[in-house]
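Below is one structure, written out as structure tokens; the observations come after it.
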Amino acid sequence: MTPEVIFAALFGLLFGSFLNVCIYRLPRDLSVVWPGSRCLACGHSIAPWDNIPVLGYVLLGGRCRHCRSAIYWRYPLVEALTAICFGAGVWFWGPTAQAGKFALFSFLLLGMIFADLETRLLPDEFTKGGLILGLLLSLFVPMKMGMMAVFLPQSWSRFFSLADAAVGAAFLSGAFWSLGYVFSKVRHKEGLGFGDVKMVAMIGAFQGVAPALMTAFIGCIGGSVIGLSYIYLAKKDFSTYEVPFGTFLGVAALAVAFWVG
């Protein structure tokens, strides 16, 4: 393991710690800056040495130093996963712009995966912010499977990647919005939240047309099979239970990003 990979993983731990703050606070419209980290059970501020990513959780035995309430397992998991994604990006692509783009993409996806799983909400800071960042990054990091080069003249070559990102975002979000609209008219209830529509737009901006379509296909299949199986096995109400579709889309997007690059 190279020093660059280790450094990226350590950097990922720090970002993962901040991501935990975003996952909890953004869906609740709370500031991610103030107040500082504190125990959700007793309200005590968390000391810097107890807030060391993953290690702090282990040394505390997974419990608050003051009230001994259990610390939610999501905190060390998100920190570890962010570190793994950051390190893996440098492992696969080296210390390059592609690795940086993947790190940012994985940061946003992990935030949406866990926010949707816990609250069924996908904060605009992740979706809309990610959409803008994905479009901007396409100007500097070319798409691996860009399709628009087939349709645009060669004189526009510098805009191929941006066009692929824009079309991927527009096509995928338009398709999902249309499906949700038809479902709501037929079943008279919401079948797909607008947060999911914004999320697939963000994924399309980062991945481009072809990989984003792969993500949508895998996410839909996974969400249907696993979600419906869970509803049946856990004896939930099929008519009222909300499947965290954004979580499945996020996992699928990470898998496709590793595969396609």
* Please find, among Phe160, Phe183, Phe176, the residue that is closer than 26 Å to Trp93 by Cβ and assigned to a helix (DSSP H, G or I). => Phe160
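For the range 238-261, enumerate the residues that are in a helix (DSSP H, G or I), more than 21 Å from Met143 (Cβ to Cβ) and out of contact with any Gly (no Cβ under 6 Å at 6 or more places or on another chain).
Gly246, Thr247, Val251 - these are the residues of the range 238-261 that are in a helix (DSSP H, G or I), more than 21 Å from Met143 (Cβ to Cβ) and out of contact with any Gly (no Cβ under 6 Å at 6 or more places or on another chain).
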* Identify the single condition in (1) under 28 Å from Trp91 (Cα atoms); (2) at pLDDT 90 or above; (3) surrounded by fewer than 14 Cβ atoms within 10 Å (Cβ to Cβ) that Ser229 does not satisfy, given that it satisfies every other one. => (1)
* May I ask you to say which residue of Gly94, Gly36, Gly130, Gly43 is of a type outside the set (Lys, Arg) and touching a strand residue (DSSP E or B) at 6+ places or on another chain (Cβ under 7 Å)? => Gly36
* In the set Thr82, Thr127, which member is touching a Lys or Arg at 6+ places or on another chain (Cβ under 8 Å), surrounded by 21 or more Cβ atoms within 10 Å (Cβ to Cβ) and at pLDDT 95 or above? -> Thr127
* Out of the range 85-101, which residues are surrounded by fewer than 16 Cβ atoms within 10 Å (Cβ to Cβ) and either part of a loop (DSSP other than H, G, I, E, B) or of a type in the set (D, E, K, R) (or both)? -> Gly94, Pro95, Thr96
* Could you say which residue among Tyr57, Tyr75 is farther than 28 Å from Gly227 by Cβ and not assigned by TED's automatic domain parsing to the domain that holds Phe258? -> Tyr57
* Among the residues of the range 65-74, is any part of a loop (DSSP other than H, G, I, E, B), in contact (Cβ under 8 Å) with a residue 12 or more places away in the chain and surrounded by 18 or more Cβ atoms within 10 Å (Cβ to Cβ)? -> yes
* Is there any pair linking a residue in the range 85-114 that is more than 27 Å from Val243 (Cβ to Cβ) to one that is in a helix (DSSP H, G or I) and polar (S, T, N, Q), with Cβ under 8 Å and at least six apart or on different chains, and which? -> Phe86/Ser106; Gly89/Gln98; Gly89/Ser106
* To do: State yes or no: is Val167 at pLDDT 90 or above, part of a loop (DSSP other than H, G, I, E, B) and surrounded by fewer than 24 Cβ atoms within 10 Å (Cβ to Cβ)?
  => no
* Structure fact -> If we ask which residues in the range 221-251 are of a type in the set (A, V, I, L, M, F, W, C) and in contact (Cβ under 8 Å) with a residue 24 or more places away in the chain, their number turns out to be 4
* Examine the range 242-249 for a residue that is surrounded by fewer than 16 Cβ atoms within 10 Å (Cβ to Cβ) and not aromatic (Phe, Trp, Tyr), and state whether such a residue exists. => yes
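Mind listing whichever residues of the range 31-54 are of a type in the set (Ser, Thr, Tyr) and assigned to a loop (DSSP other than H, G, I, E, B)? If you could, list the steps in order and put the result at the bottom.
Residues of the range 31-54 of a type in the set (Ser, Thr, Tyr): 31, 37, 45.
Answer for the range 31-54, where residues must be of a type in the set (Ser, Thr, Tyr) and assigned to a loop (DSSP other than H, G, I, E, B): Ser31, Ser37.
Every residue, every condition in (1) buried (at least 21 other Cβ atoms within 10 Å of the Cβ); (2) modelled with pLDDT under 90; (3) under 18 Å from Val260 (Cβ atoms), yes or no:
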residue: Val141; (1), (2), (3): no, no, yes
residue: Lys144; (1), (2), (3): no, yes, yes
residue: Met148; (1), (2), (3): no, yes, yes
residue: Phe159; (1), (2), (3): no, yes, no
residue: Ala175; (1), (2), (3): no, no, no
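The values are calculated or read from the model by the stated rules, or taken from the named source; none is laboratory data. Bear in mind the structure is a predicted one, so any value in this text is a computation, not a measurement. Note that each Cβ is placed from the backbone with ideal geometry, even for glycine, and that neighbours are counted across all protein chains shown.
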